[in-house]
1. How would segment 22-110 be classified by its alpha-carbon gyration tensor: rounded, prolate or oblate, with rounded meaning a/c under 1.5 and the a/b versus b/c comparison settling the rest?
2. Check each of the chymotrypsin sites (Phe, Trp or Tyr not before Pro) in segment 16-65 and keep only those in coil by DSSP with at most 10 other C-beta atoms within 10 angstrom; list them in order.
3. Residue by residue through segment 75-90, which ³J(HN,Hα) values in whole Hz follow from phi under the Karplus form 6.51 cos²θ - 1.76 cosθ + 1.60 (θ = phi - 60°), with glycine and proline marked x?
4. Carbon and sulfur: what percent of the chain's accessible surface (1.4 Å probe)?
5. Within segment 19-81, how many lysine pairs that are 8 or more places apart, or on different chains, have C-alpha atoms less than 22 Å apart?
6. Of all beta bridges DSSP finds with both residues in the chain, what is the antiparallel percent, to the nearest 5?
7. Could you order VAL73, VAL104 by accessible surface area, starting with the largest, using a probe radius of 1.4 Å?
8. About the Cα centre, and with charges only on the beta carbon of Lys, Arg (+1) and Asp, Glu (-1), how big is the dipole of the chain? Nearest 20 debye, please.
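The values are calculated or read from the model by the stated rules, or taken from the named source; none is laboratory data. None of the values given here were measured: they were computed from a predicted structure. Because the Cβ atoms are built from the backbone with ideal geometry, glycine has one as well, and the counts that use them run over all protein chains shown. Please note that ligands, DNA and RNA were not included when accessible areas were found on the heavy atoms of the full protein model with its side chains. Shrake-Rupley method; radii C 1.70, N 1.55, O 1.52, S 1.80 Å.
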Amino acid sequence: MKGIYFINDRISLNGLSKEESIAYQKQTILEHNQINKIQVAKPNLYQLHEYYTNLHALLYDLKKEKQELDCFVIFSSQIIEDYIYTYPARWLILKSFFKEIITVAEQPDLQVKKVV
């Protein structure tokens, strides 16, 4: 399976620092990808990381490449709630590029705090 994963670098999870939250999301997602044999696709060869931190940039790259992928892996739906509610049309377009959206650690008691 080929997929892309997203890490929200503007939040703090469960009171962790911004850097710890990024590391926690990345570690959890990479373990999931390895277990489920998900190969990370990189539509933009010039991006710094193998993951995306900006959903607008991801949408732009997917439109440019016109590539359909198997999955979009995120840590939890709570980390993209703001994007979904603020840009519902863009979210529908973005998720149309993937066969499935995978949430790795859905936690009802997850505390997400914005950090800029």
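1. It comes out oblate by the Cα gyration axes.
2. When the chymotrypsin sites (Phe, Trp or Tyr not before Pro) of segment 16-65 are filtered for loop state and at most 10 Cβ neighbours within 10 Å, TYR46 remain.
3. 5, 7, 5, 5, 7, 10, 3, 4, 4, 4, 6, 7, 10, x, 5, 5
4. Carbon and sulfur together cover 51 percent of it.
5. The number of close lysine pairs in segment 19-81 is 5.
6. Counting only bridges with both partners in the chain, antiparallel ones make up about 20 percent.
7. From most accessible down to least: VAL104, VAL73.
8. Around 360 debye, computed over the chain.
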